[in-house]
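*Asks:* There's a structure below that I have some questions on.
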Amino acid sequence: MNPKEKISKPGQKTGKPKKANDRSKRKYSNVLIWSGIAIIILTTFFIYLKAVNYRFLFNWDDDSYIIDNVDIKDLKWANIKLFFTSFYVGNYQPLTMLFYALEYKLAGLNASLFHFNNILLHLINTYLVFVLIKKISPENIIVPLITASLFAVHPMHVESVAWVSERKDLLYSFFFLLSLIMYIKYLKEGDLKYLTVAGLCFICSCLSKSAAVILPLVMLLFDYYTNRKYSWKMFLEKIPFLAVSVITGIVAIYSQQDAIRDMPPQMSFIEQVAVVSHSFISYIVRAFVPVNLAVIYPYPKEIGSVLPVLYYLAIPCVAGLIILVWYSRKWGKDGVFGTLFFLINIILVLQFLPVGAAALADRYTYMSYTGIFFIIGKLTAYMTSNTNAFFRKYKNSVIIAFLLVFIVFSVISHQRVKQWTDVDTLFSDGIEKYPHSYLSHYIRGVCYLKYHALILNASDPVKKEMYVKKSMDDFSKAILFRRNYPDAYSNRGYAKGLLNNYPAAINDYDSALLLDPKYTNALINRGEAKRELKDYNGALEDFTKAIEVSPQSAIAYHTRGSAKFFLEDYKGALEDYDSALKIDTLFTMAYNNRGSTKFLLQDYEGALADYNISIKLDPQNAEALKNREVVLAKLMNTVK
């Protein structure tokens, strides 16, 4: 007998007990896995829970998507058809709009359900990330747990979850992840039904947000990582996916044509390369050090002269990173796979073709960061592996370090969620971090003007004037940082008009129209300012131009009708009010003013009918109520 061979003690079982022991280990392992998932989900839920009590961000897309969007407020076939044939805020996202319509059906304009569903979708996506990574890295459960935990609590993901308008991010990611999970099942089992389901999920993802178009490239990346042999079949099976991508891409480009007024500054080639490189490195740095997060990251104010040195240094940093990733192939495919997953998912928003007012945005990392988190998970698994002699003695330290990172990220996210309480808080935070952001000043100015001044403090003249002046200050700063911004001039003119400074208001409208001669609102507002100065002919000219520019603008017809009314052209005013009401049958003020015009034309029955409609639409309309009393008295005297 070999002296080293162990001898069974009396009563000790051999053979089968080993299987029982394996089952016990698996059971214990499953308990740890589900405990880890539960901790991640519960932590994430409590990070975002406070957002359930937040309002909509009334002038930061939530108004266009939900508050003022009549299409979601009646869940009927005609409106559902509109979701699939219309663009909203420059995006084609019919499934997202359908989701909003369902929520409105259940909760109306109560934002709590919308916020709760955002949180719920994020929690589901976190679990799907765990499932996806576990399927491609089943050998060590640490990898999917770490990837999912960072996905769940990372501060850069707060924007996508706390902002109702970013439902499209969460929804497209849900279908995107499902599609990849089904594709991995297809790769492992070869059953076409999984590829078919992956295709259906991909279509749903594209109908939620056009960012999903890159899925065919990600599928090829999974082919590479799973060591699939290259063949014609590999490429042919992706042709339907590629066709969906092309169609979605064309629709997305078309939808964006007239959507964005906030265009980026003109840049030279070297400036553009530096800005794109800086954005790319910034995304990577913030994956590890998420600081100075803001709703808008403006382009550097030095564009056109000499950029800060960090922008130029970013170019060799990108080159060095490419070399490092290429060199990492000698250790395996993990680094290449994670980096390419990040790059493929973020490449469309790296501003190679600059669009919009921001150089980067937190929401663009929602799916792309999964690649970076995967690399972190792989490195952590490697350093905590018992087979690694060098790191073995530091195993506990590595685990503790990651737990500390998880806690720190959770705390930062918890604090970051608070910034999404309302528009004022959100953009004041952004201005504090990036004072030269013209768009942040503009959006906060609109908030002060339209929300604080005209809604919250409508009956408080002192507070109303205070917020009107604060809005003017923000619009002035927006103009300082971007001279060719017509919206800022137009809104500053409107604020000046509220303070009865009509000549100064007209000067600002002139500036806005010099930059954009077809700016309908500026034409209408300038006309109203002229009307206040009793320049009725000048007002009439502006309103007519507004109608020429926007023939479907009910407000333009209504304001021109008012100008004709003051010029005592009652028949002309009546025609314009009729036109306004053909466009907008719920235009309360137009009914009231048309009633007044009919009254002067001695059409008392017609006037009464219009006042009745105006009051039905707005029972608190004091002017219409008063006018109806007058016409009723007139009718009674006529009968006598």
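The values are calculated or read from the model by the stated rules, or taken from the named source; none is laboratory data. If you're wondering where the values come from, they're calculated on a predicted model, not measured in any experiment. Because the Cβ atoms are built from the backbone with ideal geometry, glycine has one as well, and the counts that use them run over all protein chains shown.
*Asks:* So Ile142 passes all but one of these: (1) surrounded by 15 or more Cβ atoms within 10 Å (Cβ to Cβ); (2) farther than 23 Å from Ile181 by Cβ. Which condition number does it fail?
*Replies:* (2)
*Asks:* Could you look through region 296-349, keep only residues that are in a loop (DSSP other than H, G, I, E, B) and within 30 Å of Ala381 (Cβ to Cβ), and pick out the one that is modelled with the highest pLDDT?
*Replies:* Checked region 296-349; the qualifying residue modelled with the highest pLDDT is Lys333.
*Asks:* Any residue in region 321-334 that is among the polar types (S, T, N, Q) sitting within a Cβ distance under 9 Å of a residue that is not in a loop (DSSP other than H, G, I, E, B)? List the pairs, counting only those 6 or more apart or interchain.
*Replies:* Ser328/Asp334; Ser328/Gly335; Ser328/Val336; Ser328/Thr339
*Asks:* From the set of residues in region 458-484 that are small (Gly, Ala, Ser) and surrounded by fewer than 20 Cβ atoms within 10 Å (Cβ to Cβ), which is farthest from the chain's Cα centre (by Cα)?
*Replies:* For region 458-484, the residue satisfying everything is Ser459.
Here is a yes/no grid of residues against (1) among the hydrophobic types (A, V, I, L, M, F, W, C); (2) over 30 Å from Arg444 (Cβ atoms):
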| position | (1), (2) |
| --- | --- |
| Asp334 | no, yes |
| Gln351 | no, no |
| Ile376 | yes, yes |
| Tyr382 | no, yes |
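*Asks:* With the structure loaded, tell me whether Tyr283 is part of a helix (DSSP H, G or I), over 30 Å from Thr147 (Cα atoms) and of a type outside the set (S, T, N, Q) or whether it fails that test.
*Replies:* Here the answer is no, as Tyr283 does not meet what is asked.
*Asks:* Right, here's the next one. Being within 18 Å of Thr585 (Cβ to Cβ), under 41 Å from the mean Cα position of the chain (by Cα) and part of a helix (DSSP H, G or I) is the filter here, so list the residues in region 611-624 that pass it.
*Replies:* Ile613, Ser614, Ile615, Lys616, Leu617, Ala624 - these are the residues of region 611-624 that are within 18 Å of Thr585 (Cβ to Cβ), under 41 Å from the mean Cα position of the chain (by Cα) and part of a helix (DSSP H, G or I).
*Asks:* From the list Ala51, Ala38, which residue is under 20 Å from Glu166 (Cα atoms), modelled with pLDDT of 90 or more, among the small types (Gly, Ala, Ser) and more than 15 Å from the chain's Cα centre (by Cα)?
*Replies:* Ala51 is the lone residue from the list that is under 20 Å from Glu166 (Cα atoms), modelled with pLDDT of 90 or more, among the small types (Gly, Ala, Ser) and more than 15 Å from the chain's Cα centre (by Cα).
*Asks:* For the subset of region 267-314 comprising residues that are under 22 Å from the mean Cα position of the chain (by Cα) and of a type in the set (S, T, N, Q), which member is surrounded by the fewest Cβ atoms within 10 Å (Cβ to Cβ)?
*Replies:* In this case the residue turns out to be Asn292.
*Asks:* I would also like to ask the following. Regarding Leu321, is this residue among the hydrophobic types (A, V, I, L, M, F, W, C) and more than 30 Å from Ile136 (Cβ to Cβ)?
*Replies:* no
*Asks:* Any chance region 244-253 includes a residue that's surrounded by 20 or more Cβ atoms within 10 Å (Cβ to Cβ), under 25 Å from the mean Cα position of the chain (by Cα) and within 30 Å of Arg444 (Cα to Cα)?
*Replies:* Taking every residue of region 244-253 in turn, at least one turns out to be surrounded by 20 or more Cβ atoms within 10 Å (Cβ to Cβ), under 25 Å from the mean Cα position of the chain (by Cα) and within 30 Å of Arg444 (Cα to Cα).
*Asks:* Any residue at all in region 120-129 that is over 17 Å from the mean Cα position of the chain (by Cα), modelled with pLDDT under 95 and part of a helix (DSSP H, G or I)?
*Replies:* No, region 120-129 contains no residue that is over 17 Å from the mean Cα position of the chain (by Cα), modelled with pLDDT under 95 and part of a helix (DSSP H, G or I).
*Asks:* Could I ask something else about it? Could you look through region 65-82, keep only residues that are more than 18 Å from the chain's Cα centre (by Cα) and assigned to a loop (DSSP other than H, G, I, E, B), and pick out the one that is surrounded by the most Cβ atoms within 10 Å (Cβ to Cβ)?
*Replies:* Per the stated criteria, the residue is Leu75.
*Asks:* Which one of these is surrounded by fewer than 19 Cβ atoms within 10 Å (Cβ to Cβ), at pLDDT 90 or above, over 30 Å from Pro265 (Cβ atoms) and out of contact with any Gly (no Cβ under 7 Å at 6 or more places or on another chain): Ile455, Ile400?
*Replies:* None of the other options fit; the residue is Ile400.
*Asks:* To continue, here is another question. Inside region 350-364, can you point out the residues that are out of contact with any helix residue (DSSP H, G or I) (no Cβ under 6 Å at 6 or more places or on another chain), modelled with pLDDT under 85 and among the aliphatic types (A, V, I, L, M)?
*Replies:* Answer for region 350-364, where residues must be out of contact with any helix residue (DSSP H, G or I) (no Cβ under 6 Å at 6 or more places or on another chain), modelled with pLDDT under 85 and among the aliphatic types (A, V, I, L, M): Leu353, Val355, Ala358.
*Asks:* Would you check if Asp424 is acidic (Asp, Glu), assigned to a helix (DSSP H, G or I) and in contact (Cβ under 8 Å) with a residue 40 or more places away in the chain?
*Replies:* Answer is no for this residue.
*Asks:* Here's a follow-up. Somewhere in region 365-383, is a residue touching a Leu at 6+ places or on another chain (Cβ under 6 Å) and modelled with pLDDT of 95 or more?
*Replies:* Yes, some residue in region 365-383 is touching a Leu at 6+ places or on another chain (Cβ under 6 Å) and modelled with pLDDT of 95 or more.
*Asks:* Does region 138-147 contain at least one residue that is acidic (Asp, Glu) and under 18 Å from Ala51 (Cα atoms)?
*Replies:* Taking every residue of region 138-147 in turn, none turns out to be acidic (Asp, Glu) and under 18 Å from Ala51 (Cα atoms).
*Asks:* Here is a list of conditions, (1) at pLDDT 90 or above; (2) within 34 Å of the chain's Cα centre (by Cα); (3) under 26 Å from Asp68 (Cβ atoms), and Ser579 meets all of them except one; can you say which number that is?
*Replies:* Single failed check for Ser579: (2).
*Asks:* Examine region 139-156 for a residue that is within 25 Å of Tyr283 (Cα to Cα), free of Cβ contacts under 8 Å to residues at least 60 places away in the same chain and assigned to a helix (DSSP H, G or I), and state whether such a residue exists.
*Replies:* No, region 139-156 contains no residue that is within 25 Å of Tyr283 (Cα to Cα), free of Cβ contacts under 8 Å to residues at least 60 places away in the same chain and assigned to a helix (DSSP H, G or I).
*Asks:* Restricting region 27-57 to residues that are small (Gly, Ala, Ser) and touching a helix residue (DSSP H, G or I) at 6+ places or on another chain (Cβ under 7 Å), which is nearest to Phe116 (Cα to Cα)?
*Replies:* Ala51
*Asks:* Follow-up. Only one of (1) over 16 Å from the mean Cα position of the chain (by Cα); (2) modelled with pLDDT of 95 or more; (3) of a type outside the set (A, V, I, L, M, F, W, C); (4) closer than 30 Å to Asn59 by Cβ fails for Asn110. Which number is that?
*Replies:* Exception for Asn110: condition (2).
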